[in-house]
Protein chains: 2
Amino acid sequence: MKKVFLEKAERFLPEIKSTTLRPLPKKAVLNKGDSIVIDLGNHYVGYFSFVMKKVTEYIDAPARLVIRFCEVERELDDDYEDYNGWLSASWLQEEVVNVDFPGRFKLPRRYAARYIRITVKYTPRPLELSSFMFKAVSSADMSALIPAQISDPLMKRIDAVAVNTLKNCMQRIFEDGPKRDRRLWIGDLRLEALANYYTFNNYDIVKRCLYLFAATDRNSYGFMPGFLYEYPKYESGSWYLEDYSLLYVCSLCDYLEHSGDIDTFRDLFATAKSIVDAAISTLDADGFMTTPADGDAFIDWCPGLEKMTALHGVYLYTLDLWCKALMAAGMTDILPYYVEKIAEGRANAILKLYDSEKKAFINSRDNYQYSVHATAWMILGGVLNEDEGREVILSALNSHDSVKPFTPYMHHYALAALARVGLIDEVEKYIGNIWGGMIALGADTFFEAYVPFDPDFSPYDDRKVNSMCHAWSCTPTYFIRKYKIGK
Amino acid sequence: MKKVFLEKAERFLPEIKSTTLRPLPKKAVLNKGDSIVIDLGNHYVGYFSFVMKKVTEYIDAPARLVIRFCEVERELDDDYEDYNGWLSASWLQEEVVNVDFPGRFKLPRRYAARYIRITVKYTPRPLELSSFMFKAVSSADMSALIPAQISDPLMKRIDAVAVNTLKNCMQRIFEDGPKRDRRLWIGDLRLEALANYYTFNNYDIVKRCLYLFAATDRNSYGFMPGFLYEYPKYESGSWYLEDYSLLYVCSLCDYLEHSGDIDTFRDLFATAKSIVDAAISTLDADGFMTTPADGDAFIDWCPGLEKMTALHGVYLYTLDLWCKALMAAGMTDILPYYVEKIAEGRANAILKLYDSEKKAFINSRDNYQYSVHATAWMILGGVLNEDEGREVILSALNSHDSVKPFTPYMHHYALAALARVGLIDEVEKYIGNIWGGMIALGADTFFEAYVPFDPDFSPYDDRKVNSMCHAWSCTPTYFIRKYKIGK
């Protein structure tokens, strides 16, 4: 099957469109030690080239240039030598190049950048750099962007930046971030696909990604890896994530809902069913999912987070979408079994994870940690009715004691929980706070991590490696357009 | 005329032949901070590639590698950060590359190297490097190498290393050095051409270089620049050298002598004549060449050298070859004029630059500096008869007070002077001392500069930038083969 899935994935390889930017400045004369900053005017993903010429005499030695690509302006001043994050420093976008001859010099790699700084490390004589070109690439077709009527200026700006974020992550696949990882992750895939249905509405790239995941290896329980590599050679990931595997099922159900493409759903049905059944097979005596030795759950980059309750919410949420998809596909024979599982799971949640006096969920049976994460996922899992859900999610969000999301990824599910209980005004306020906060920092694209009280927060212990254009941060456009926010 | 000369030069562009080396080691597993040294087994010029693979898990970030190309082994240990020579540090052959994907990685630039060190600066996971390939390039055809019967082991080895030096400098042009400059210089051209006549005997590349110089700009007196650039675009050099201009004339005369190609001589006759006449036009009241403000003379990299006498020797030597060429080409009408100039020049030298008691030449009228340089050039200029010449050159070479050559380029002309007065045994001894000294240091090619008492000597104030495969050092093969030394 793996081969068949991969062949189908190739059929849906999107066309990469390119736009050539010819940014200012027109030219610069530089000597040893000099540098120049080129501002592309917006965040783009692509390829950079320039022309080097002599000024007076021929440059009789190679010019050694240090070229740094920055997604945001503050990265221009970062010292890369003192980087001490736990991801490889090779993600820092900086090249040392030797330019042997006058003429156009093209860097072969792809970068994500708004600002480009060129520093002349060595040159024997002044040189002129000119004709800067940035070939921006994306598989998003801007001419196909669905128009949206948004009158509120902040929401309008947030929508535009969200669309730019999505566009720059849409390449051969839905990448998580074009600066770093550049990989297909289920968590990003689902959110990109949701944003895509309301913007570019490109079904092919969604199908491609769904088929690519169908071809992955599975762990001992039948869960998928959270990510995969597709270029230059397909390679299944190695970090098996239960919540992400379930969100793969959600992504397929979303796709069916938006496209109505029952054929693709049937083609991937067995893959999705095996994951739902794998989740059920891990349930313990209390009816909660367990994590095998070779498995894990993500939920958020929030340090020290207990994930049991949130994972149970993902499970119930998935079952809900799964049952709706089975209905839509007319596969009603197996429906009652899953409907029963939902009822059981919700009852267990109320019984063992909910404090009805405090109106609060605990994060796990063994730990009284209180969080937005568990709360949002319980609401998305349909554990509470709408009235009680409103009270509970607002308490968690407003409490000083609750653990808050650290990533726009988890913020999305908090927003989804607010929307689920009808709090659309709160959705707008929340978007204004979080994504508006990034706009206030000058964002052209939305960041991988944004913690209002800690602007240097990094999941990797060093902000410098953070991705400042990250797919999972693009969903304000989904909420704004779906719920006509700021209209 | 410039365009016509350049068009002719292009006709003689030699074919670049390549040989693919697959050096040991077969493969290496490296982690962050590890390095590997690849020994090509000999000095080559060309292009390097390798295959990067995962060891266990996919390398989920680019690998940042520092790749250093060393002509000699000691360069492996050099600290390039403390380089303080006056040539651009960009000549130091080191690259920082980011390898994004598994598979073959080709460095686009050309290097001169025997040793290649790869250091893994950053990698998130162990990686395997394998299938190292070095595509060695040269326009020298090794299958056309004229065989030489040399029984003395040292002379045999020196001949082989000299041929390797010439081969690695023979590319689209006669380069001065494949590591640094990679440019056509008249001083190197003449010596490479001489060595070439006794080894590969490729006339086309000589013609190409002669035409390229014919197309250069001239200074206020009509002298040529010492060098030019020919790739990717022709560009005349800017350092006008009187001795080098005269040696251009010598190179054309040598070419006629060896090839018998009178057509090419006639085609370049006006160019050569204009230089000879330019030299004559600078003669002062004493009959010695003067140097205009936009001119200079090279002679040697020897610090503080007075060059007047040596330049006068170059002038007389050139007139001698010029007259012989005019004879051979049947251009006897203008011959008497130049013959008379030789006689005048020699007489002036004896009268004003020679101390017949001490049997020594002074370096200039104003300075009693004593040197091998002035002595050798006076002998090559035919100022003394053979017997007196022998005594004078041996005294200069053996004196503790004389300034000695610092480069194999000037050593060549000292050897030529010894040969001119019939001291072939001394030629052999001298080659054994100087070039044998480099062989004792493990040379696979001969160095740009070699000073036996100062192994760190550099014309550029830092040995690290020295070229260790330099065209002007290849002429032992010329002497060994021409005079059947070590047979």
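Label-to-label distances for A:Leu335 across copies, nearest first, come out at 11.4 nm, using points 7 Å from Cα in the beta-carbon direction.
For the range B:264-324, the fraction of alpha-carbon pairs lying more than 18 Å apart is 41 percent, rounded to a whole number. Can you spot the aspartates and glutamates whose alpha carbon is less than 14 Å from B:Lys487's alpha carbon? Ignore those fewer than 8 places along the same chain. Leaving aside aspartates and glutamates fewer than 8 places away in the same chain, those within reach of B:Lys487 are B:Asp152, B:Asp159, B:Asp425, B:Glu428.
Each part reduced to its alpha carbon centroid, the range B:97-139 and the range A:165-187 end up 28 Å apart. For chain B, a crude dipole built from +1 on the beta carbon of Lys and Arg and -1 on the beta carbon of Asp and Glu, taken about the Cα centre, is about 2040 debye to the nearest 20.
A viscosity of 1.567 mPa s and a temperature of 4 °C, combined with the Kirkwood radius over Cα pairs in Stokes-Einstein, give a translational diffusion coefficient for chain A of 55 µm²/s. Other residues whose C-beta falls under 13 angstrom from the C-beta of B:Thr19 contribute a net charge of +3, scoring Lys and Arg +1 and Asp and Glu -1. Taken over the protein assembly as shown, the alpha-carbon convex hull comes to 184 cubic angstrom per residue. Residues in the range A:311-395 average 42 Å² of solvent-accessible surface per residue, probe 1.4 Å, ligands and nucleic acids excluded. Give me the tail of P(r) for the range B:30-87 as a percent: Cα-Cα pairs with distance above 19 Å. Tail of the P(r) past 19 Å holds 48 percent of the pairs. Computed from protein heavy atoms with a 1.4 Å probe, the total accessible area buried between B and A is close to 3000 Å². Between 0 and 90 degrees, the angle of helix B:153-169 with respect to the longest Cα principal axis of chain B falls at about 80 degrees. When +1 charges are put on Lys and Arg Cβ atoms and -1 charges on Asp and Glu Cβ atoms, the dipole computed for the protein assembly as shown relative to its Cα centre reaches about 2240 debye. On a per residue basis, the range A:76-155 carries 43 Å² of accessible surface, using protein heavy atoms and a 1.4 Å probe. Straight distance only, please: which lysines reach the Cα of B:Lys26 with their own Cα at less than 19 Å, same-chain residues fewer than 8 apart left out? Here the lysines satisfying the reach criterion relative to B:Lys26 are B:Lys53, B:Lys54, B:Lys106, B:Lys135. The string of couplings for the range B:255-272 from the Karplus curve (6.51, -1.76, 1.60, θ = phi - 60°) is 4, 4, 4, 7, 8, x, 7, 5, 4, 5, 4, 5, 5, 9, 4, 4, 4, 5 Hz, one whole number per residue in order, with x for Gly and Pro.
Computed over the range A:1-122, the quotient of the alpha carbon radius of gyration and 2.2 N^0.38 Å is 1.33.
Once you order the gyration tensor axes a ≥ b ≥ c over the Cα atoms, which shape class does the range A:174-269 get: rounded for a/c under 1.5, otherwise prolate or oblate by comparing a/b with b/c? Note, shape of the range A:174-269 comes out oblate. Label-point distances for B:Ser274 to the equivalent site in the other copies, using a point 7 angstrom along Cα→C-beta, read 8.0 nm when ranked shortest first. The mean sequence separation of alpha-carbon pairs under 8 Å and at least six residues apart, normalised by the residue count of the range A:128-197, gives a relative contact order of 25 percent. What is the range B:217-265 by shape, rounded, prolate or oblate, if you read a ≥ b ≥ c off the alpha carbon gyration tensor as root eigenvalues and call it rounded for a/c under 1.5, prolate for a/b larger than b/c, and oblate otherwise? Cα axes put the range B:217-265 in the oblate bin. With each label modelled as a point 7 angstrom along the Cα→C-beta vector, the A:Ala293-A:Glu10 pair spans 3.8 nm.
Phi angles of the range B:217-232 translate, via the Karplus equation with coefficients 6.51, -1.76, 1.60 and θ = phi - 60°, into HN-Hα couplings of 6, 10, 8, 4, 9, x, 7, 8, x, x, 9, 8, 10, 10, 9, x Hz per residue; Gly and Pro are given as x. The angle between the Cα long axis of helix A:408-420 and the longest principal axis of the Cα atoms of chain A comes to about 40 degrees, rounded to the nearest 10. Dividing the helix sum by the residues of the protein assembly as shown, where each DSSP H run of 4 or more adds -39500 (n - 2.57), gives a mean residue ellipticity at 222 nm of -12500 deg cm²/dmol. Axis of helix A:335-353 versus longest Cα principal axis of chain A: the two differ by about 90°, to the nearest ten degrees. Checking every one of the trypsin sites (Lys or Arg not before Pro) in the range B:335-431 against DSSP loop status and a limit of 16 other Cβ atoms within 10 Å picks out B:Lys358, B:Lys359, B:Arg365. Each Cα pair under 8 Å and six or more residues apart adds its sequence gap; the mean of these over the residue count of the range A:448-487 is a relative contact order of 32 percent.
Surface composition of the range A:177-309: carbon plus sulfur atoms contribute 47% of the solvent-accessible area (1.4 Å probe, protein chains only, all chains present). Computed over the range A:399-487, relative contact order equals 31 percent, with contacts defined as Cα pairs under 8 Å that lie 6+ residues apart. Apolar share of the accessible surface for the range A:1-76: 51 percent from carbon plus sulfur atoms, 1.4 Å probe. Legend: residue pairs A:Lys167/A:Lys341; A:Lys8/A:Lys464; A:Lys8/A:Lys167, Cα-Cα distance threshold 27 Å; pairs beyond threshold, A:Lys167/A:Lys341; A:Lys8/A:Lys464. Rounded to the nearest angstrom and listed largest first, the equivalent-ellipsoid semi-axes of the range A:203-358 from its Cα gyration tensor are 26, 21, 13.
The values are calculated or read from the model by the stated rules, or taken from the named source; none is laboratory data. Remember, predicted model here, so these are calculated numbers, not experimental data. Glycine also receives a Cβ, built like all others from the backbone with ideal geometry; neighbour counts cover every protein chain displayed. Surface accessibility is based on the protein's heavy atoms, side chains included, excluding ligands, DNA and RNA. Shrake-Rupley method; radii C 1.70, N 1.55, O 1.52, S 1.80 Å.
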